[in-house]
1. Going through segment 247-283 one residue at a time, which ones are among the aliphatic types (A, V, I, L, M) and without any contact (Cβ under 8 Å) to a residue 40 or more places away in the chain?
2. So which pairs qualify, if the first residue must be in segment 91-120 and among the polar types (S, T, N, Q), the second must be buried (at least 18 other Cβ atoms within 10 Å of the Cβ), the Cβ gap must be under 7 Å, and the two must be at least 6 apart or on different chains?
3. Taking segment 66-104 as the search range and keeping residues that are hydroxyl-bearing (S, T, Y) and under 18 Å from C230 (Cα atoms), which one is modelled with the lowest pLDDT?
4. Looking at segment 261-268, can you tell me whether even one residue there is within 30 Å of L89 (Cα to Cα), among the basic types (K, R), surrounded by 11 or more Cβ atoms within 10 Å (Cβ to Cβ) and modelled with pLDDT under 90?
5. Those residues that are buried (at least 19 other Cβ atoms within 10 Å of the Cβ), modelled with pLDDT under 90 and part of a helix (DSSP H, G or I), I need them from segment 124-175; list them, please.
6. Taking D49 as the residue in question, decide whether it is out of contact with any Pro (no Cβ under 7 Å at 6 or more places or on another chain), surrounded by fewer than 16 Cβ atoms within 10 Å (Cβ to Cβ) and of a type in the set (D, E, K, R).
7. Conditions: (1) closer than 30 Å to N263 by Cβ; (2) in contact with a Ser or Thr (Cβ under 6 Å, 6 or more places away or on another chain). I83 meets all but one. Number of the miss?
Amino acid sequence: MAGASMKDIKLRIKSVEGTMQITKAMELVASSKLRRAKERVEHSRPYFDVLHAALDDIAYSNDEFRSPYTAQRPVKTSCYVVIAGDRGLAGGYNANILKAVAAHAEGKDWCVLPIGKKALEHYRRRGVPVVTDRYAVAADVEMSGCYDIARTLAKGFVSGEFDEIILAYTNFVSMLSQQPATLKLLPLNYRQAERGTGPRQTTLYEPDCETVYNAIVPEYLAGLIWGALCESVASELGARRTAMDAASKNAGEMIENLSLHYNRARQAAITQEITEIVAGAEG
């Protein structure tokens, strides 16, 4: 009986050791990819900062400025661009962003443009209208894909298909902290309160301000989506690294406990054998 128990414990130890090797490997891979994800955000930021400054300058310096992208109208249909992960084993990363979107969209008539397998699967199960499933694999979405998404959203807003567009992503705070966040993409309304105050700049835009503004907006939206995607990828990797680190520590504790039980069972078996030998000799 003791021998069978020892064999079971030994098999369990080997199984946990195998799991521990996997979690450690996943932790190392997540750490390596995380550095690259953070670099992507930093490298792309300056270009889109310039686009933001140009949009700001046009809206601020022209009293007669009008654009369909700044039109405020009653919200009948909202479109949420939700960025989630393609895989699990990342702690509460996917669940947290999906809960945040559900709370934000409560009581609204809304549809979703999901980025990531987990987002697409979640909203299909719940019957939420999906704008497109072309971006179901978040890992495959590059900058060109963000431009396509931005053009789709801009076209839908101008045509009246969506009255507001909201981006939901996970903000990378630190290796141990990732926060779900939402950002209104359209309509654009920054600088509205400041228009008409301060000195005017004399920048000339050809052929005119409105044309340039409307051409830049999809580029700017693509930059916001790309930045949010990079932030979300970094958050997922950070959450996965933390989860795998915790799993490795738990596996280590399990191995220690199982080793202790194994040693106790082995000692009990040896003691029993000695007792039987002594009893046989006395008999």
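The values are calculated or read from the model by the stated rules, or taken from the named source; none is laboratory data. This structure is a prediction, so every number in the text was calculated from the model and none was measured. Because the Cβ atoms are built from the backbone with ideal geometry, glycine has one as well, and the counts that use them run over all protein chains shown.
1. Of segment 247-283, the ones among the aliphatic types (A, V, I, L, M) are 247, 251, 254-255, 258, 260, 265, 268-270, 274, 277-279, 281.
Scanning segment 247-283 gives L260, I270, I274, I277, V278, A279, A281.
2. Sorted first by the residue in segment 91-120, then by its partner, the pairs are N94/A84; N94/G85; N94/K118; N96/P180.
3. Narrowing segment 66-104 to residues hydroxyl-bearing (S, T, Y): 67, 69-70, 77-78, 80, 93.
Next cut, under 18 Å from C230 (Cα atoms) only: 80, 93.
On the way: Y80: 97, Y93: 92.
If we take residues in segment 66-104 being hydroxyl-bearing (S, T, Y) and under 18 Å from C230 (Cα atoms), then Y93 is modelled with the lowest pLDDT.
4. no
5. Residue satisfying the conditions is A138 alone.
6. Details: out of contact with any Pro (no Cβ under 7 Å at 6 or more places or on another chain): yes; surrounded by fewer than 16 Cβ atoms within 10 Å (Cβ to Cβ): yes; of a type in the set (D, E, K, R): yes.
In short, yes.
7. Tallying (1) closer than 30 Å to N263 by Cβ; (2) in contact with a Ser or Thr (Cβ under 6 Å, 6 or more places away or on another chain), I83 fails exactly one: (1).
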